[in-house]
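These notes concern the structure reproduced below.
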Amino acid sequence: PVVVVDFGAQYAQLIARRVREANCFSEVVPSTMPVGELLAKDPAAIILSGGPSSVYEEGAPSLDPALLEAGVPVFGMCYGFQSMAQALGGSVEKTGLSEFGATQAMVSDTTSTLFNGQPDEQSVWMSHGDSVAVAPEGMRVTATTAGAPVAAFEDDARRLYGVQWHPEVMHSTFGQQVLENFLRRGAGLAGDWTAANVVEELVEQVRSTVGEARVICGLSGGVDSSVAAALVQRAVGDQLTCVFVDHGLLRAGEAEQVEKDFVDATGVDLVVVDAQDRFLSALAGVSDPEEKRKIIGREFIRVFEQAARDIVGAHSGADDHPVEFLVQGTLYPDVVESGGGTGTANIKSHHNVGGLPDDLQFKLVEPLRLLFKDEVRQVGLELGVPEGIVWRQPFPGPGLGIRIVGAVDRERLDILRAADAIAREELTLAGLDRDIWQCPVVLLADVRSVGVQGDGRTYGHPVVLRPVASEDAMTADWARVPYEVLAKISTRITNEVREINRVVLDVTSKPPGTIEWE
Ligand code: XMP
């Protein structure tokens, strides 16, 4: 793989994605990983990410010079660039000239490894207080900016490269070209990796992990679990039983849709479990988001365990095998954001990673855990999963439970379900399903405001519309839904859902907001 060393920036995942867009497989590792362990991954190239620290600060994550001497091509970005400079004997200083945001970079050699084929002036995204003042010996400076006399350096002999800016963000106009130049020209990578062409490999891995054992898969109706199930079915056929848990936190019509769309298309063995009472009583009175997520994760597992016992009971025969494995549609961003892949902070415990109980009775099969969402869609299409499922908008496993700010109960769920159904219907009618990534509707259950309806005063709750545009849910922008569509949704919700007297629009990007409110 191309190994991305994470120096604590939210950018490492994005870099990993950009590398895959260049058709090279990538993996994120924490900067604390010992060099020996990292090199054991047999990296084809190494990328050092940006990070929030200053290289000469006490306790700043450091770069082991051995990494630069292993003969593997290395590309440093921002903090990674500075830590390379420092490790190689250059100097990093606070020059007094910080740069944040779009900056012009002057390229001195447009035939160099990184800048070949690009103009001699390009807009780059900067975010630094420190600068490399003197380039290390043997490094050729190939770009400068007003605030950074050494804004890029290259050494083809040792195959070491770096830029002060963030080529991975869209605002760096030629960022992707710079990255691809590093991968192709610097590291000599052909770039023939695609998610679709690893399907057979993934199937083979599942087959050898699972052997003869029985497997169950929690199906949510979403893309991830559906594709994971289809993959496992391809691998082990009817050793797989899918379990759809109705936890009472579903949107209107969801259970029916899963049964119809997915089972019709794949013929998979499906069991539907009505577990509404169990989830709602476990959640009663709980309003802390992390606690909700943990409870939901735990209850999911308990329900699966029971389902597994029932399945074994149903199949009991002399040669039958117990249910040993649980399939999860965990994706790479979940792994990284739950702190599993890197040293980054735990932002949310996505229910299928951080929410698992310690005494889990199953071994996990997570065939998608190294893939990003768009790649999962490619895999799904390759496996023949219907487009209606492959292109379905994401819906979180904890469902409406994390879209009620406050405690969750049946009444609140009914209110939210009604509002959500209206918003979805209108967005679909307006033809916006593919333009927006998803549109959570969030009930602020503990907030009330005064309104007027007919001749009377109302004292109801607000709902928040959270339409977002995104490529992969790691970053997102609020979606510019046309005013007429918003007006229609607002009018209908306040008319048709008695308890709601206000509809507000969330205009926050991610970061700093996340997509869901909890
Ligand atoms: P956030 O809120 O972290 O959401 O910006 C990113 C994407 O992940 C979905 N999401 C989840 N999906 N289990 C899931 O399966 C979860 O616990 C979970 N939490 C958030 C969210 O809908 C968005 O698409």
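For residues that are aliphatic (A, V, I, L, M) and in contact with a helix residue (DSSP H, G or I) (Cβ under 8 Å, 6 or more places away or on another chain), scanning just the stretch 472-485, find the one that is nearest to the ligand (Cβ to nearest atom). Before you say what the answer is, go through the steps one by one.
Our first condition is that a residue be aliphatic (A, V, I, L, M); within the stretch 472-485, this holds for 473-474, 476, 479, 481, 485.
Retained after the next criterion (residues that are in contact with a helix residue (DSSP H, G or I) (Cβ under 8 Å, 6 or more places away or on another chain)): 473-474, 481, 485.
On the way: Ala473: 4, Met474: 8, Val481: 17, Val485: 21 Å.
Within the stretch 472-485, the match that is nearest to the ligand (Cβ to nearest atom) is Ala473.
Regarding Ala469, is this residue under 18 Å from the mean Cα position of the chain (by Cα), within 16 Å of the ligand (Cβ to nearest atom) and either at pLDDT 95 or above or part of a strand (DSSP E or B) (or both)? The answer is yes for Ala469. In the set Thr110, Thr103, Thr95, only one residue is within 21 Å of His171 (Cα to Cα) and more than 31 Å from the chain's Cα centre (by Cα); that residue is Thr110.
Can you tell me which residue within the stretch 206-216, out of those that are assigned to a helix (DSSP H, G or I) and touching a strand residue (DSSP E or B) at 6+ places or on another chain (Cβ under 9 Å), is surrounded by the fewest Cβ atoms within 10 Å (Cβ to Cβ)?
Here is the first cut: in the stretch 206-216, the residues assigned to a helix (DSSP H, G or I) are 206-210.
Filter again for touching a strand residue (DSSP E or B) at 6+ places or on another chain (Cβ under 9 Å), leaving 206, 209-210.
Numbers: Val206: 23, Thr209: 18, Val210: 21.
Checking each candidate, the answer is Thr209.
If you go through the stretch 486-517 and pick out every residue that is within 16 Å of the ligand (Cβ to nearest atom), buried (at least 19 other Cβ atoms within 10 Å of the Cβ) and of a type in the set (Lys, Arg), you end up with 0. Within the stretch 224-233, can one find any residue that is away from the ligand (no atom under 16 Å from the Cβ), crowded, with 21+ Cβ neighbours inside 10 Å and of a type outside the set (A, V, I, L, M, F, W, C)? Yes, the stretch 224-233 has at least one match. Within the stretch 461-476, residues that are assigned by TED's automatic domain parsing to the domain that holds Ile500 reach partners that are aromatic (Phe, Trp, Tyr) and assigned to a strand (DSSP E or B) with beta carbons closer than 8 Å, at six or more positions or on different chains, in the pairs Arg466/Trp478; Pro467/Trp478; Val468/Trp478; Ala469/Trp478.
Could you tell me whether Val336 is modelled with pLDDT of 90 or more, surrounded by 14 or more Cβ atoms within 10 Å (Cβ to Cβ) and either in contact with a Ser or Thr (Cβ under 8 Å, 6 or more places away or on another chain) or part of a strand (DSSP E or B) (or both)?
Values: modelled with pLDDT of 90 or more: no; surrounded by 14 or more Cβ atoms within 10 Å (Cβ to Cβ): yes; either in contact with a Ser or Thr (Cβ under 8 Å, 6 or more places away or on another chain) or part of a strand (DSSP E or B) (or both): yes.
No, not satisfied.
Every condition in (1) touching a residue at least 40 places away in the same chain (Cβ under 8 Å); (2) more than 14 Å from the ligand (Cβ to nearest atom) is met by Glu387 except one, and the failing one is (1).
Taken over the stretch 134-168, the criterion of being of a type in the set (A, V, I, L, M, F, W, C), part of a strand (DSSP E or B) and over 35 Å from the mean Cα position of the chain (by Cα) is satisfied by Val134, Val141.
Considered as a group, the residues in the stretch 391-415 that are away from the ligand (no atom under 15 Å from the Cβ) and assigned to a helix (DSSP H, G or I) include one that is surrounded by the most Cβ atoms within 10 Å (Cβ to Cβ), and that residue is Leu413. For beta carbons closer than 7 Å, sequence separation of 6+ or different chains, a first residue in the stretch 285-296 that is among the acidic types (Asp, Glu) and a second that is at pLDDT below 95, the qualifying pairs are Glu290/Ser349. Only a single criterion out of (1) in contact with a Leu (Cβ under 8 Å, 6 or more places away or on another chain); (2) loosely packed, with under 15 Cβ neighbours inside 10 Å is not satisfied by Gly285, namely (1). When the stretch 234-270 is filtered for residues that are over 25 Å from the mean Cα position of the chain (by Cα), of a type in the set (A, V, I, L, M) and either more than 26 Å from Ser281 (Cβ to Cβ) or surrounded by 23 or more Cβ atoms within 10 Å (Cβ to Cβ) (or both), the ones remaining, listed by number, are Ala235, Val236, Leu240, Val263, Ala265, Val268.
With the condition being in contact (Cβ under 8 Å) with a residue 60 or more places away in the chain, I'd like the strands (runs of 3 or more DSSP E) fully within the stretch 27-133 carrying at least 1 qualifying residues.
45-48, 74-77, 99-107, 121-128
Kindly indicate whether any position in the stretch 362-372 is closer than 21 Å to Glu299 by Cα, more than 13 Å from the ligand (Cβ to nearest atom) and modelled with pLDDT under 85.
For the stretch 362-372, residues closer than 21 Å to Glu299 by Cα, more than 13 Å from the ligand (Cβ to nearest atom) and modelled with pLDDT under 85: present.
Please pick out the residue among Gly460, Gly513, Gly451 that is small (Gly, Ala, Ser) and part of a loop (DSSP other than H, G, I, E, B).
On the way: Gly460 fails: part of a loop (DSSP other than H, G, I, E, B); Gly451 fails: part of a loop (DSSP other than H, G, I, E, B).
Within the list Gly460, Gly513, Gly451, the selection yields Gly513.
The values are calculated or read from the model by the stated rules, or taken from the named source; none is laboratory data. Just so it is clear, the structure is predicted and the values come from calculations on it, not from any experiment. Reconstructed Cβ throughout: ideal geometry from the backbone, glycine too, with neighbour counts over all protein chains shown.
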